[in-house]
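This report concerns only the one structure given below.
The values are calculated or read from the model by the stated rules, or taken from the named source; none is laboratory data. Nothing here was measured: the structure is a model prediction, and the numbers come from that model. Don't worry about glycine lacking a Cβ; one is built from the backbone with ideal geometry, like all the others, and counts go over all protein chains shown. Calculation scope for accessible area: heavy atoms of the full protein, side chains included, ligands and nucleic acids excluded. Shrake-Rupley method; radii C 1.70, N 1.55, O 1.52, S 1.80 Å.
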Amino acid sequence: MLDESGSMNDCGEDVEDSDDEDAKSKMDLTKHVVKNIMEFVSKECKDADVKIGVHSFNNHVRQIFERTKITDENIELLTKMVQDIDAMDGTNMEKSLSTLRSLTPITENASKSNILMSDGDANEGIQIPKELAKRVDSSATNYFVGFGLEHNPQMFSALSLRENSSYYFVDKLNKSGFIYGEIMYNILYNKYNSVKLEIVNPDGQTFLYDYLNNEWKTQIFIGKMSGEMKKTIHILTNT
């Protein structure tokens with residue numbers, strides 16, 4: 001789900017730190033990430049049943065192409081369809097989230113992952129981050145990617161508080177590889193689902209830090225984990 005609102009035409013990089021000719025708009029950064037994802041899937045998933053569909057949104061949501069297996073034969077055409085997206089008009093985040101929720105897995109046993117790329121600058125429909133978070137697709141794993149130094153971190157933080165949701169940030173083209181690489185690895189090499197960590201707490205004075213909610217708890221939700229993923233857990237104890 002790609003943001004094609006007018007604000008995505010703004011420069012996504014710190015122009016003072018780069019040559020003007022190398023400065024990319026937030027729309028350029030978004031298209032670059034999508035292109036890399038499609039190239040990765042076409043090369044690494046030839047024998048797997050992996051399908052990608054692309055929608056874009058501003059005031060409304062439109063389908064760029066339906067969920068499709070990316071191959072050497074169709075990737076050039078699909079990439080051009082993404083490259084032809086033009087940024088204009090307002091941003092209705094509510095409609096984009098509602099559309100993602102309405103998309104059901106292609107088969108009963110298929111897993112579903114949503115990647116929403118935007119600057120989070122909602123100015124139409126529901127605009128309150130906590131209210132929009134209620135519309136996040138709880139049946140899927142969600143990745144929210146904020147583009148540009150001027151993106152709205154409050155929006156993405158609220159959306160990523162939902163279970164099995166993550167928040168990433170891209171401000172420069174050379175950083176985008178880390179983002180799409182980690183997202184695709186988590187999707188394609190998922191090892192565990194709905195991981196929860198609980199600490200046995202007989203004295204009532206030992207807790208785990210829940211960084212999403214900034215609270216100390218006896219149980220925290222971690223979500224999906226890929227085979228090589230590492231997590232650092234902070235523990236508070238009276239000893």
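Once backbone amide H atoms are built at 1.01 Å from N, Y167 has F144 as its partners under 5 Å, excluding neighbours fewer than 5 places away on the same chain. Sites listed here are GluC sites (Glu not before Pro) in segment 37-95 whose DSSP assignment is loop and whose Cβ has at most 10 other Cβ atoms within 10 Å: E73. Computed about the Cα centre, the dipole magnitude for the chain is approximately 1300 debye when only Lys and Arg (+1) and Asp and Glu (-1) carry charge, each at its Cβ.
For P105, what charge total do you get from the other residues with a beta carbon under 13 Å from its beta carbon, if Lys and Arg give +1 and Asp and Glu give -1?
Working: positive: K51, R67, R101, K112; negative: D49, E108, D137.
So the surrounding residues net to +1.
Could you work out the relative contact order of the chain, using alpha carbon pairs under 8 angstrom and six or more residues apart, expressed as a whole percent?
Once normalised by length, the contact order is 17 percent.
Between amide H atoms placed 1.01 Å from N, distances below 5 Å from I64 occur with V54, H55, S56, all of them 5 or more places distant or on a separate chain.
Per residue, what accessible area does segment 148-204 have, given a 1.4 Å probe and all protein chains present, in Å²?
Values: 3390 Å² over 57 residues.
About 59 Å² of surface per residue is accessible.
Within the accessible area of segment 83-222, the carbon and sulfur atoms contribute 48%, probe 1.4 Å, all protein chains present.
Nearest 0.05, what FRET efficiency do F65 and D89 give at R0 = 22 Å with Cβ-Cβ as r? Numbers along the way, then the final one.
Details: r = 21 Å, r/R0 = 0.95.
With a Förster radius of 22 Å, E is 0.60.
Where in segment 130-206 are there chymotrypsin sites (Phe, Trp or Tyr not before Pro) that are in a DSSP coil and have at most 16 other Cβ atoms within 10 angstrom of their Cβ?
Working: sites: Y143, F144, F147, F156, Y167, Y168, F169, F178, Y180, Y185, Y189, Y192; in loops: Y189.
Hits after loop and neighbour filter: Y189.
Antiparallel beta bridges, as assigned by DSSP with both residues in the chain, represent about 55 percent of the total such bridges. Contact order for segment 183-239, expressed relative to its length and based on alpha carbon pairs under 8 Å spaced 6+ residues apart, stands at 43 percent.
Please work out the FRET efficiency for the pair E182 and I128, using the Cβ-Cβ distance as r and a Förster radius of 22 Å; give the result to the nearest 0.05.
Values: r = 29 Å, r/R0 = 1.32.
E between E182 and I128, to the nearest 0.05, is 0.15.
Report, in order of residue number, the helices in the chain meeting two criteria: a C-alpha extent of 24 Å or more along the helix axis, and a mean Kyte-Doolittle hydropathy of at least -1.0; treat each whole DSSP H run as one helix. Within the chain the helices that satisfy the rule are 26-44. Report, in listed order, any pair from K43/K69; K24/K231; K31/K230; K26/K51; K43/K191; K51/K172 with a Cα-Cα distance greater than 23 Å. Beyond 23 Å: K24/K231; K31/K230; K26/K51; K51/K172. Between N114 and T141, N142, Y143, the built amide H atoms are under 5 Å apart, and every one of these is 5 or more places off in sequence or on another chain. Given that just one value was derived from the coordinates, which of (1) 31, 22, 18; (2) 37, 19, 16; (3) 34, 20, 17 is semi-axes √(5λ) of the Cα gyration tensor in Å? Label of the calculated value: (1).
Separation of segment 64-91 and segment 198-239, taken as the distance between their Cα centroids, equals 41 angstrom. Sorting T104, T206, T237, T232 by accessible area puts them as T232, T104, T237, T206; the probe is 1.4 Å, largest comes first, and only protein heavy atoms count. Checking every one of the trypsin sites (Lys or Arg not before Pro) in segment 44-125 against DSSP loop status and a limit of 12 other Cβ atoms within 10 Å picks out K46.
When ligands, DNA and RNA are left out and all protein chains stay put, how many square angstrom of accessible area per residue does segment 1-136 have with a 1.4 Å probe?
Values: 7080 Å² over 136 residues.
The answer is 52 Å² per residue.
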